[in-house]
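The values are calculated or read from the model by the stated rules, or taken from the named source; none is laboratory data. Just so we're clear, the structure is a prediction, and the values are computed from it rather than from any experiment. Quick reminder, even Gly has a Cβ in these numbers, built from the backbone with ideal geometry, and neighbours come from all protein chains shown. Areas reflect the complete protein model, heavy atoms only, side chains present, ligands, DNA and RNA absent. Shrake-Rupley method; radii C 1.70, N 1.55, O 1.52, S 1.80 Å.
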Amino acid sequence: MSAGHNEAERLDALMRLRLLDTPPSETFDRITRTASKLFGLPIAAVSLTDSERQWFKSRIGVEHDSIPRDKAPCAEVAETRRVVVIPDLMADSCYSTSLLATQGVRFYAGAPLVTRDGHGLGALCVLGVEPRTASESELTALTDMAEMVMAQIELQHAFGRVDPVSGLPNRLQFFDDLMDLGRDPNDTQRIAVLVDLARIEQISNGTRVMGAGYVDDMVRVAARTIREALGPNRLAYHVGATQFAFLAPPDVDPSDYQDIVQDVLDGLPKGATDGFMVTAAIGLAPFSPGKTEPSVILRMAHSAALEARGSRDPVRIYSSEEDQVHARRFQLMREFGTALHEGGNQFKLVFQPRIDMSTGDCTGAEALMRWRHPLLGAVPPSEFIPIIEQTTLARETTNWVLENAIGQLGTWHAEGRQLTLSVNISAANLEETDLVQRIQLLLLKHRVRPSFLELELTESAVMRNSERSMWQLNAFRSAGVRLAIDDFGTGQSSLSYLQKLPMDVVKIDRSFIKELGTGAKPELLVNSMINLSHELNYRVVGEGVETAEIAEILRQLGCDEAQGYLFAKPMGAAEFESWLSASAERISQRIAS
Ligand code: C2E
Ligand code: MG
Ligand code: MG
C-alpha cells in the first residue's frame, strides 16, 4: 500500500511538519536513549520515512543519518502503521538481503509514529546484533514511547504556529488551512475576513503612553471577542500584530456577511484601555479555494480592510479595481523613480502657449511634463504628479523639469525669442530651503534673466505650510522670479489671504472657465475673480479656453491672458517653434491688412 494517493498525502503530512533534515534535539534523543535502555540494545532511532530514505531525527548507535527506504523495516512500520518485530533479519525472507542485515543487524522492533490524521510518518525502533524476541510489555512501552515522540512532534509544530499572546493559530497555520481547503475538490466560494484592530498611529501612541502591554491587552480582548463571536466550530487566526482572520461559513453572500460581521466589530475593543481611541476596520475577500494562493487571499482581505480605513466605512469587500489602483500607483512610483535615475529619457517637456487677449500675441508658454512609459505608454501628469508629490522624488522631478525648461528657455533667448516660461512647482518643493539658489544657478548657467521665469503654485500648495511658503515666495520675489497662483478658485484660500501673497499672476481654473456662456452665474464668478485680482495688481490668465465664445467673454471681462486648446495644445519644442513662426506670420498679416 505504499504507492498512490495515500502515499502522496502521507508525504505531504510529513513535509508540512517541517522535520526532515532539522538538527538533532535533546527531547527526541531522551526518548531514543530510554528505548535503547529498556530493550538493553545498542541501537535505537526515531526514523522518518521520506520518499526514498529513512531519515533519523534521533539516533543511538548509528553513524549515518539516513538509510535507503528500500527494504528498511521502518518503512514497513510507516506503511502499515503497526508494530513490526523481526526476531532475526537473516532468517526473514524479505529482510535477509536488506542493508541492515548485511551490516550485521539481526533483531528489529519498531512502533509506528502516526499523526492525528492517521498518517504513518515512520517508526521509533530498536535494533540488536543478536536474534531476539520482544515481550508484550516491551512492545507496549515502545508503543507508548512512539506516542511520546508524536506528541513532541506535534507540540513542536504547534509552537511557532500559535500566538503566545492571543492563544490563536498564527498566519502560517492560516495559510496551511487555506491550502487544505483548496485540496477539497468542491467549488463553493468562500470569504476570508480580516479584522484590523487599530491604525498604526493609534497603536504607537498607545504603546508610547502605556507601554507594550497595551497592545497585548487589546489583542487578548479582541481574540476573546472574535472567538466568542465565531463559536466553537470556527477558527480565528492571529495573522498580524493587531490583525485577526477567519473564514465566513460556506455559502454566504459577501454583502449579507458584511452586516453579520459588523456585529463582530461592535463587540471589539474600542478605546480598550483608558479611553484610547481604537477603531477597527474589516476587510472581506471572496475567493475560490484552491484557485488563489493563501498569501494573496490574505493580501486581498488586507487591502479591503485598508480601503475600509480610508473610507471610514467599517467593513469593506475586496474590490479588484481598488486593489489594481493601488498596485498601479505603486508600480508608477517605482518606475518613475527608475526612469528618472536612468537619465530621464522617458520624459519630455511640452509647451503650451499663453496668449495676450488684447493683441493676440503669444507672451510665453507653460512647460508641462510628459512621461512615455515603455510598456504602459503615455502616463498623464494628472496621474503621476500627485503620486510623485508625496515622495522624495518630488525634489528630483522638479530639478529635472527646471533644468530642462530653463535650458530650453536659454536656447530660445539666444535665438532671439524673448518668451516667458512657466514651470509648475509642487508643494513639497516649497520645503526645500535651497530651491531659490538652485534656480538662480540654473538661470545663470543658461543665461536667462529671472523675470523670464514664472513659477506656478497651487493655492493648496501655498496654504499647506503657509509660514514656510511665505518665506519661500518672498525669496523667489527677491531673486526676481515671477510667481503665479495656479488653478485659482479650487483651493480654500480666503481672499484676504490671497492679498498677502507676493504674486504676479492669477490663473483661473478651467472648471470656472468652461462654464462661461452657460448662464449668468459663472460669468459673475469669473468677473469677481478678475476684478479682485486686478485690485491686487495681479495679471489674470484664463486656463483651458476651448472655444472662441469663451475667449470673447473673457476678453470682455478684462482677462489679460488666456491659455487653452482654442489657441494650441501643449507641443514639443520643435513643434512649438513652428507654431510660433506661423502665429507671428498671422499677426503680421493682420497688421498689414
Ligand atoms: P496645470 O498646471 O493647471 O496645467 C494645465 C493643464 O490643463 C495641462 O494638463 C494642460 O494640458 C491642460 N489644458 C490646457 N488647455 C486645455 C484645454 O483647453 N482643455 C483641457 N481640457 N485641458 C487643457 P496636463 O499637462 O495634463 O497637466 C495636468 C497637471 O499636472 C498640471 O495642471 C499640473 O498641475 C501638473 N503638471 C504637469 N506638468 C508638471 C510639472 O512639470 N511639474 C509639476 N509639479 N506639475 C506638473
Ligand atoms: Mg500650471
Ligand atoms: Mg492649472
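Count charges around V325 for me, please; just the other residues with Cβ under 13 Å from its Cβ, Lys/Arg as +1, Asp/Glu as -1.
Net local charge, V325 excluded: -3.
Around A305, under 10 Å between beta carbons, what's the net of Lys plus Arg minus Asp minus Glu among the other residues?
Around A305, the surrounding residues sum to 0.
Could you give the length gained by full extension between A414 and S288, i.e. 0.36 nm per residue of separation minus their alpha carbon distance, to one decimal place?
Length gained, A414 through S288: 38.8 nm.
Let me see the P(r) profile for the chain: every Cα-Cα distance counted, bins of 10 Å, each bin given as a percent of all pairs.
Pair shares across the bins are 3, 13, 15, 13, 13, 13, 10, 7, 6, 5, 2, 0, 0.
Which FRET efficiency value, to the nearest 0.05, do you get for Q499 and E228 by plugging their Cβ-Cβ distance into 1/(1 + (r/R0)^6) with R0 = 56 Å?
About 0.35, to the nearest 0.05.
Determine the calculated [θ] at 222 nm for the chain from helices alone, applying -39500 (n - 2.57) to every DSSP H run no shorter than 4 residues and normalising by the residue count; nearest 500 deg cm²/dmol.
-14500 deg cm²/dmol
Quickly work out the M90-to-N527 label distance, labels modelled 7 Å from Cα along the C-beta direction, and quote it in nm with one decimal.
So the label points at N527 and M90 sit 12.0 nm apart.
What residues qualify as long-range amide H neighbours of V114, i.e. H under 5 Å apart, gap of 5 or more or another chain, H built at 1.01 Å from N?
Sorted by chain and number, the residues that satisfy this are L121.
Output wanted: per-residue J couplings in Hz (rounded whole) for the stretch 18-26, from phi through Karplus 6.51 cos²θ - 1.76 cosθ + 1.60, θ = phi - 60°, x for Gly and Pro.
6, 9, 4, 6, 8, x, x, 9, 4
How much FRET efficiency would the formula 1/(1 + (r/R0)^6) give for L235 and E467, where r is the Cβ-Cβ distance and R0 is 41 Å, rounded to 0.05?
The calculated FRET efficiency here is 0.15.
Figure the gain on full extension for S25 and S51 (residue separation times 0.36 nm, minus the Cα-Cα span) and round it to one decimal in nm. Working shown, then result.
Details: separation 26, 0.36 × 26 = 9.36 nm, distance 2.27 nm.
Here the answer is 7.1 nm.
Counting DSSP beta bridges with both partners in the chain, what percentage is antiparallel, nearest 5?
Here the antiparallel bridges make up roughly 70 percent for the chain.
In angstroms, what radius of gyration and Dmax does the stretch 3-158 have, counting Cα atoms only?
Reported Rg and Dmax, both Å: 14.2, 43.
Among S204, I226, P250, whose Cα projects farthest towards the positive end of the dipole of the stretch 188-266, with charges put on the beta-carbon of Lys, Arg (+1) and Asp, Glu (-1)?
Result: S204, furthest along the dipole toward the positive end.
Express as a percent, rounded to the nearest 5, the fraction of DSSP beta bridges in the stretch 337-439 (both residues included) that run antiparallel.
The antiparallel proportion sits near 75 percent.
Extension gain L155-R449, at 0.36 nm per residue separation less the Cα-Cα distance, in nm?
Computed gain between L155 and R449 is 98.1 nm.
For the stretch 330-592, take the convex hull of the Cα atoms, compute a quarter of its surface area, and give me that in nm², please.
Details: hull surface 58.1 nm².
Seen from a random direction, the Cα hull of the stretch 330-592 projects 14.5 nm² on average.
Which FRET efficiency value, to the nearest 0.05, do you get for R370 and A520 by plugging their Cβ-Cβ distance into 1/(1 + (r/R0)^6) with R0 = 45 Å?
After rounding, the FRET efficiency stands at 0.75.
What is the dipole size for the chain, taken about its Cα centre, with +1 at each Lys and Arg Cβ and -1 at each Asp and Glu Cβ, in debye to the nearest 20?
Dipole size: approximately 1100 debye.
Counting only protein chains, not ligands or nucleic acids, how are K507, K348 ordered by accessible area (probe 1.4 Å), most first?
Correct descending sequence by accessible area is K348, K507.
If we restrict to alpha carbons, what Rg and Dmax does the stretch 171-318 come to, in Å?
Spelled out, the Cα radius of gyration and Dmax of the stretch 171-318 are 15.1, 51 Å.
Output the antiparallel fraction of DSSP beta bridges having both residues in the stretch 330-592, as a percent to the nearest 5.
Numbers: 15 of 37 bridges.
Restricted to the stretch 330-592, the bridges split so that about 40 percent are antiparallel.
Give me the lysines in straight-line cross-link reach of K569: C-alpha distance below 24 Å, same-chain residues under 8 apart excluded.
K348, K507, K514
Suppose each label sits 7 Å from its Cα in the direction of the beta carbon; what would the N474-D65 distance come out to in nanometres?
Between N474 and D65, the label points sit 7.3 nm apart.
Hey, got a sec? Which chymotrypsin sites (Phe, Trp or Tyr not before Pro) in the stretch 350-454 land in a DSSP loop and have at most 12 other Cβ atoms within 10 Å? Present the calculation step by step, with values, prior to reporting the outcome.
Numbers: sites: F351, W371, F384, W400, W412, F452; in loops: none.
Here no loop site has a sparse enough neighbourhood.
What do you get for GluC sites (Glu not before Pro) in the stretch 382-456 restricted to DSSP loop and a cutoff of at most 14 other Cβ within 10 Å of the site's Cβ?
E415
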